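Any read-out appearing in this document is the output of simple, stated calculations on the displayed coordinates, not a laboratory observation. Just so we're clear, the structure is a prediction, and the values are computed from it rather than from any experiment. Glycine also receives a Cβ, built like all others from the backbone with ideal geometry; neighbour counts cover every protein chain displayed.
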2 protein chains.
Amino acid sequence: MAAPPDALAGRVLAGDPRAIARAISQIEDGEPSGGAPLVGALFPHTGRAYVVGVTGVPGGGKSTLVDQLIATIRGTGLKVAVLAVDPTSPFSGGAVLGDRVRMNRHAADGDVFVRSMATRGHLGGLSRTTGDAALVLDAAGFDVVLVETVGVGQDEVEVAQTADATVVVLVPGTGDDVQAMKAGIMEIADVFVANKADRDGIDRLVQSVEAAISLQPSPEGGWTPPVLKTEATTGQGVPELWATLCRFRERSEPLRASRRQARALARVRALTGELLFARLERALPPGAFARAAAGVVARRQDPYRAAQDLAAQLTAPSETGAA
Amino acid sequence: MAAPPDALAGRVLAGDPRAIARAISQIEDGEPSGGAPLVGALFPHTGRAYVVGVTGVPGGGKSTLVDQLIATIRGTGLKVAVLAVDPTSPFSGGAVLGDRVRMNRHAADGDVFVRSMATRGHLGGLSRTTGDAALVLDAAGFDVVLVETVGVGQDEVEVAQTADATVVVLVPGTGDDVQAMKAGIMEIADVFVANKADRDGIDRLVQSVEAAISLQPSPEGGWTPPVLKTEATTGQGVPELWATLCRFRERSEPLRASRRQARALARVRALTGELLFARLERALPPGAFARAAAGVVARRQDPYRAAQDLAAQLTAPSETGAA
């Protein structure tokens, strides 16, 4: 059914849009380790793209802003891809519609690629699938990958942490700033955008964000996140946003190196955990977890004891009889 | 420093508020397996409390609603505890303030216990710490444990899944309904509350939620989530909310049994994964993960390959030389 990873990887490296789409689908559909051969084949060809996360509460005009960013970035001759990450529910369908709108505008441009990532059923694995999809686009030769998320929750924070730079979009008069602070999204912003700059309250919003920034511990790598005003519907402020992102990229090289190490560490740890667990499941008799859970429900044993008994099935060669 | 688990457990079982507070602090501060001896000692004495999650977007009046629920539940003679789960940021401090307000009102009542759970630094472990804290309160003899969360994100969904029943609070005119749908929070609601019933748009909100419910697959266990109107500030509708929760509890026994099994299964699997990983870390030389991550950053190996090499250090007795 699926193309062999090596053939598919070759077509991705050649920039074939259908191969790129198929590669991302494989990553989305697969088990945690499903993307391994494909990512392994593409990995040596990655590391060039600038991955920019765009996050903020729903209704903040992120999609329109990303659309304007595409136009600005294309104007400089760079190739740009967008991953629109939307925790779909049966009632939403927003991602598909958003894609269509954007696809129409940029459909004729072969150097723009827009893809929505369905996250339903991949709880916890969202940052992995997004990260792997960004690798595919990087390998395919896109200079910039914009990762757009919906909402401000833990999902969004984790996705943002897979990016080289993170833009947090706020709008005046909605209490977004408070919500963003609560969700811990302030801490991950490299650039703030106060969108809908024509609205009342824009200056108050900028001031409250700047006040919050000034309360933060001294900025990582010497970069204080600026607060830019934009009007996504007219495109006002968008070239300045892109210029700021380019400046951040130059200025933040030492910061990015430490982020890349931290990101790779988190990634390797998570994947190792998944592989270990899969190995344990193969070693245990079928239904072992369900029986342990039933024992917990019946109060015959507590969950910690049950987990210890199950985990004892895998041992290191150096452990001599230690359970 | 910390009291020995058995002595502390005895005082928790006797309902000593200071012991309860200390037990929850131990769970909050501890490593994933830190709560093990305490939870193990308390576990046989749990399973009686009715754990109710209350979630919804910030600003929906959840805290006020929970405060009114305390009064209603106390009016029936039951003992009630509240866990206010707030993803604190350096700028927030909201939980502390909220607690003080409520503590003042119920301070004289020894059968009310209110506690905020700081979640900062416990990403991913929030549902575990909340679940363990609810066990402590259950063992201490509280009949009802209200778990109040801030916002609608993956965190909140996971916390809600540790409860026996979940109330989702929405308010008119804020687009909350859309946001809740996007975040997948619709699917976890057993009861909807349209709060601020005096506001314009309340009927439209109720209709849109009822329409969304009618689009869902046939309800689990034959329970269709009702949509109740409340005015938390006056207490209007709150006795009906509690009556509905009691009815849900009676009607949903088969559903709750299957939920408890699913919840125990998820819990045992997560704890087992943590224990396995800790065992691997002990088996590896210091810095092994950091070196693997550096290899990934340098593009010498892809993260999947690196993870496979690390995970190969733990094996099952039955595996003969398989790496």
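Within a 10 angstrom radius of each residue's Cβ in B:289-301, how many Cβ atoms of other chains show up on average? Whole number is fine.
Working: counts 6, 4, 2, 6, 10, 4, 2, 8, 9, 3, 5, 2, 4.
Going residue by residue through B:289-301 and averaging, the value is 5.
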Report, to one decimal in Å, the Kirkwood hydrodynamic radius for the stretch B:266-311 based on all distinct Cα pairs. 11.6 Å
Cα-Cα over 22 Å, subset of B:Lys62/B:Lys196; A:Lys62/B:Lys229; A:Lys196/B:Lys229; B:Lys79/B:Lys196: A:Lys62/B:Lys229; A:Lys196/B:Lys229; B:Lys79/B:Lys196
